[in-house]
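Student: Below is a structure I'd like to ask you about.
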Amino acid sequence: MPSAGRTTPATARRAENAAVNAAGLVQGITLVTFPAASSIFTGASDYDLSNTQYGAMFLPQVTTAIARGWRSRCSGWPGWGVRPCFD
């Protein structure tokens, strides 16, 4: 029996799964809400953004996704060492 204050592997795995699921839920809501709200952002009575300005709102999201994908491919999984990016 584990001592008080210690986390068992099963408890840790449930906590990790809950954290990943919550992050996925938040990301999914965000990815659905912003495009769905395009009429609010581009409407003349609301924010009145041009199509270019509205598209520019997504640049940080796109560049971050590309950078993180590139970084994770090049760095390998933590503890496995660095692998070459351009073989």
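Student: Quick check on my filter: what residues within region 40-70 are of a type outside the set (A, V, I, L, M), closer than 20 Å to GLN27 by Cβ and not in a helix (DSSP H, G or I)?
Tutor: Within region 40-70, PHE58 is the sole residue that qualifies.
Student: On to the next question. SER39 - would you say it is among the small types (Gly, Ala, Ser), exposed (fewer than 10 other Cβ atoms within 10 Å of the Cβ), in contact with an Asp or Glu (Cβ under 9 Å, 6 or more places away or on another chain) and at pLDDT 85 or above? Working first, answer last.
Tutor: Details: among the small types (Gly, Ala, Ser): yes; exposed (fewer than 10 other Cβ atoms within 10 Å of the Cβ): yes; in contact with an Asp or Glu (Cβ under 9 Å, 6 or more places away or on another chain): yes; at pLDDT 85 or above: yes.
Criteria met by SER39.
The values are calculated or read from the model by the stated rules, or taken from the named source; none is laboratory data. The model shown is predicted, which means the values in this text are computed figures rather than measured ones. A quick note on method: Cβ atoms are made from the backbone with ideal geometry, for glycine too, and the neighbour counts reach across all protein chains shown.
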